[in-house]
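Visitor: Encoded as structure tokens, here's the structure I'll be asking about.
The values are calculated or read from the model by the stated rules, or taken from the named source; none is laboratory data. These figures come from a predicted structure and were not determined experimentally. Heads up, the Cβs are rebuilt from the backbone with ideal geometry, glycines too, and the neighbour counts pull from every protein chain shown. Side chains are part of the model used for accessible areas, which takes the heavy atoms of the whole protein and leaves out ligands, DNA and RNA. Shrake-Rupley method; radii C 1.70, N 1.55, O 1.52, S 1.80 Å.
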Amino acid sequence: MTGAVILAAGQGTRMRSHRAKVLHELAGRPLLDHVLGRVSALSLSPVVVVTGFDAERVETLVGSRAATVRQPGVLGTGDAVRRALVTLPPDVVRVLVLYGDGPLVPETLLQSLLDRAETGHTGAVLVTAVMSDPTGYGRIIRDNAGRLASIVEEKEAGVEERQIREINTGIGLWPRSALEQVLPSLPFHGGEQYLTDAAAALLATGVPVDTVEAADPDRVMGINTREELARAEALVRRETNARLMASGVTLLDPATTYIDPEVQIGMDTVVLPMTTIRGRTVIGENARIGPMATIVDSELGDQVVVGPSTVESSRLMAHVVVGPYSHLRAGTYLERDVHIGNYVELKNARVGLGSKAGHHCYLGDVTIGSHVNIGAGTVIVNYDGVHKHPTFIGDDAFIGCNVNLVAPVEVGRGAYVAAGSTVDRAVPADALAIARARQEIKSDWARARRESQTTRK
Ligand code: UD1
Ligand code: MG
């Protein structure tokens, strides 16, 4: 049996943050979430995450996806692994060790490590990489025959060792019992025991330690600083954009297009600059998104057009047009051919086939039928200060400009509401509701006023 140990107890001092480093987000998800996702694809059991700094929050993130064990302080990666090993059932003979700050490791690389064990390799296999800039990493020291001899951390490396560009990624498959034997007696470096020292310790007891070199060094980088985080983000973004373009999506300016890796976009859709598309968003074919649109966790049908607007947790059917400058909040559902213009806010709103709200509206907690016209400045007064109330507007209704619909209220099918009305009682189907002060005309009032002012002068 092979288990997995993920180290996530460190603070990540170099991030300069109140949050544990592994909780910082890459492509919209915490670093540790990426690592857990990759490990879960391998069906290793058990998976143990070592927590310490910010342990509650890290454990909440882990949830039921893995077991957790706490490390009481920053005692080093060697100590962290030791604490995980004691929790493993006896039939676990090998452990895959990963660092929680290495979110991009390819599953294929992990799989190839596991395959090595299947072919009868009983020692340790560690993943190395050749970095153009190895600063900060542990360096791989090899003997004259080119075999791994030890790993030296940057802090302890001499000038010559620092020139070595082959580094330790921290990813490795270790034989459990041999590791358990050497870990307690590893040397201390200012209160920390390094897992990296276990390599030489195993070799000293006659256990072979081999290496595999990662084909793509970018994918095995450890994230210690915000600069490295930004570099990883740029890498993921470049890959996501390239994949989308290869699948038939036009990105007018990939450099200013921010799309999360899970997002799906159909063929011939065009994404204009300065656009962010996040989370579990799915967009159909031939859509046009942006410029400056933000789409989060939403479903957009074919040929939808969204200008500079924000769409969150919403569903837009085919041919819907939105924006510029509108805000679709959670629970917005727009049927085919709906047209939402500028400065319209919707929340928990269902709008039927072909209905229109062109200008300056608030439409909250409302069900609107098909072919309804919502005039400029319409406000659904859905909140009485304590509770939210629903509003229903029937098919073919016409709501004039500057109307307040005080919920709970219903406007029947085909009814008209006159401009400027404040409606707080049901409007029957096909009726006209006028709820505003009647206009008065005072003939010649203005002329009389002007003349009186002239006389006074
Ligand atoms: C570590 C390696 C280094 C390697 C690099 C790869 C050691 C001593 N050094 O350095 O050889 O090149 O990763 O990215 O292993 N952690 C714990 N408990 C601790 C200390 C750390 O769980 O007591 C966790 C951290 O949360 C982190 C991971 O282990 O997820 C690695 O720790 P980090 O401080 O980032 O080590 P590096 O200096 O990057
Ligand atoms: Mg690190």
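Visitor: What percent does the relative contact order of the chain come to when contacts are Cα pairs within less than 8 Å and at least six residues apart? Show your work: numbers first, answer last.
Guide: On the way: 1159 pairs, mean separation 34.8, N = 457.
Computed value for the chain: 8 percent relative contact order.
Visitor: Give me the Kirkwood hydrodynamic radius of segment 23-148, using the inverse of the mean 1/r over all pairs of distinct Cα atoms, in Å to one decimal.
Guide: Details: mean 1/r = 0.0612 Å⁻¹.
Computed over segment 23-148, the radius equals 16.3 Å.
Visitor: Another question, if that's okay. Over the chain, with every protein chain in place, what whole percent of the accessible area is carbon and sulfur at 1.4 Å, could you tell me? Don't skip to the end; give the middle numbers.
Guide: Working: 11230 of 21770 Å².
In the chain, the share of accessible area belonging to carbon and sulfur is 52 percent.
Visitor: Then there's this: Could you size up the charge dipole of segment 193-273 around its Cα centre, putting +1 on the beta carbon of Lys and Arg and -1 on that of Asp and Glu, and report it in debye to the nearest 20? Walk me through the numbers before you get to the answer.
Guide: Details: 6 positive and 13 negative charges, 22 e Å.
In debye, rounded to 20, segment 193-273 gives about 100.
Visitor: Provide the gained length on full extension for the span Thr367 to Thr455, in nm with one decimal, where the gain is 0.36 nm per separating residue minus the Cα-Cα distance. Can you show the working numbers first?
Guide: Working: separation 88, 0.36 × 88 = 31.68 nm, distance 5.87 nm.
Once the chain is fully extended between Thr367 and Thr455, it gains 25.8 nm.
Visitor: If you don't mind, another one. With a 1.4 Å probe and all protein chains left in place, how much accessible area per residue does the chain have, in Å²? Could the numbers behind the result be given before it?
Guide: Values: 21770 Å² over 457 residues.
Ligands and nucleic acids excluded, the figure is 48 Å² per residue.
Visitor: Give me the accessible area of His387, 1.4 Å probe, in Å² rounded to the nearest 10.
Guide: 110
Visitor: Here's another thing I want to ask about it. In whole angstrom, how long is each semi-axis of the equivalent ellipsoid of segment 164-258, when you take the square root of 5 times every eigenvalue of its Cα gyration tensor and sort them from largest down? Before the final figure, lay out each step's value.
Guide: On the way: eigenvalues 322, 50, 20 Å².
Calculated on Cα positions only, the semi-axes equal 40, 16, 10 Å.
Visitor: Now, a different point. What's the local net charge at Pro324, with K and R +1, D and E -1, over the other residues with C-beta under 15 Å away? Let's see the in-between values first.
Guide: On the way: positive: Arg288; negative: Glu345.
Local charge sum for Pro324: 0.
Visitor: Would you calculate the separation in nanometres between label points at Glu107 and Arg19, each defined as 7 Å from the Cα along the Cα-to-beta-carbon direction?
Guide: 2.6
Visitor: So which trypsin sites (Lys or Arg not before Pro) in segment 334-437 pass both tests, a DSSP loop state and at most 12 other Cβ atoms within 10 Å of the Cβ? Could you put the intermediate results ahead of the total?
Guide: Numbers: sites: Arg336, Lys347, Arg350, Lys356, Lys388, Arg413, Arg425, Arg436; in loops: Arg336, Arg413, Arg425, Arg436.
Taking segment 334-437 and a limit of 12 other Cβ atoms within 10 Å, the loop trypsin sites (Lys or Arg not before Pro) found are Arg425.
Visitor: Under the Kirkwood approximation for Rh and a Cα-based Rg, what ratio Rg/Rh is obtained for segment 335-457?
Guide: Details: Rg = 18.5 Å, Rh = 15.5 Å.
Computed over Cα atoms, the ratio is 1.19.
Visitor: For Arg243, Arg14, what's the largest-to-smallest order of accessible area, 1.4 Å probe? Mind showing how you got there, number by number?
Guide: Numbers: Arg243 115, Arg14 145 Å².
Listed by decreasing accessible area, they come as Arg14, Arg243.
Visitor: Would you please report the Å³ per residue occupied by the convex hull of the alpha carbon atoms in the chain?
Guide: Details: hull volume 107.6 nm³, N = 457.
So the per-residue hull volume is 235 Å³.
Visitor: Out of Ser326, Gly385, Gly284, whose Cα points farthest toward the positive end of the dipole of the chain (charges: +1 Lys, Arg; -1 Asp, Glu; placed on Cβ)?
Guide: The residue sitting most towards the positive pole is Gly385.
Visitor: Moving to a separate point now. Heavy atoms only, probe 1.4 angstrom, no DNA, RNA or ligands counted: give me Glu166, Glu451, Glu160 ranked by accessible area, highest first.
Guide: Order by accessible area, largest first: Glu160, Glu451, Glu166.
Visitor: Leaving out same-chain residues fewer than 8 places away, which lysines sit with a Cα under 20 Å from that of Lys356?
Guide: Qualifying lysines at Cα under 20 Å: Lys347.
Visitor: Sorted by accessible area (1.4 Å probe), largest first, how do Ile295, Ile164 line up?
Guide: Working: Ile295 0, Ile164 50 Å².
Per-residue accessible area, sorted high to low, gives Ile164, Ile295.
Visitor: Apply 1/(1 + (r/R0)^6) to the Cβ-Cβ distance of Asp218 and Ala41, taking R0 = 22 Å, and write down the FRET efficiency to the nearest 0.05. Each step should come with its number before you reach the end.
Guide: On the way: r = 20 Å, r/R0 = 0.90.
For Asp218 and Ala41, the calculated efficiency is 0.65.
Visitor: Once you compute Rg and the Kirkwood Rh from C-alpha atoms, what is the Rg to Rh ratio for segment 243-433?
Guide: On the way: Rg = 17.3 Å, Rh = 16.7 Å.
My calculation of the ratio gives 1.04.
Visitor: Follow-up question, since we're still on this one. When we measure straight from the Cα of Lys155, which lysines land under 21 angstrom away, once same-chain ones fewer than 8 places off are left out?
Guide: Lys21
Visitor: Straight-line reach from Lys442: which lysines have Cα under 16 Å away, leaving out those fewer than 8 places along the same chain?
Guide: Partners found: none.
Visitor: Answer rounded, prolate or oblate for segment 2-220, using the Cα gyration tensor with square roots of eigenvalues a ≥ b ≥ c: rounded when a/c is under 1.5, else prolate when a/b is larger than b/c, else oblate.
Guide: Working: a/c = 1.36, a/b = 1.19, b/c = 1.14.
Cα axes put segment 2-220 in the rounded bin.
Visitor: Quote the accessible area belonging to His359 in square angstrom, nearest 10, computed with a 1.4 Å probe and with ligands, DNA and RNA left uncounted.
Guide: Estimated to the nearest 10 Å², His359 gives 90 Å².
Visitor: Shifting gears a bit: Report the Cα centroid-to-centroid distance between segment 385-435 and segment 252-280 in angstrom, as an integer.
Guide: Each part's Cα centre sits 38 Å from the other's.
Visitor: Something else now. With just the Cα atoms defining each centre, how far is segment 1-39 from segment 143-220? Give it in Å.
Guide: First find each Cα centre; the distance between them is then 21 Å.
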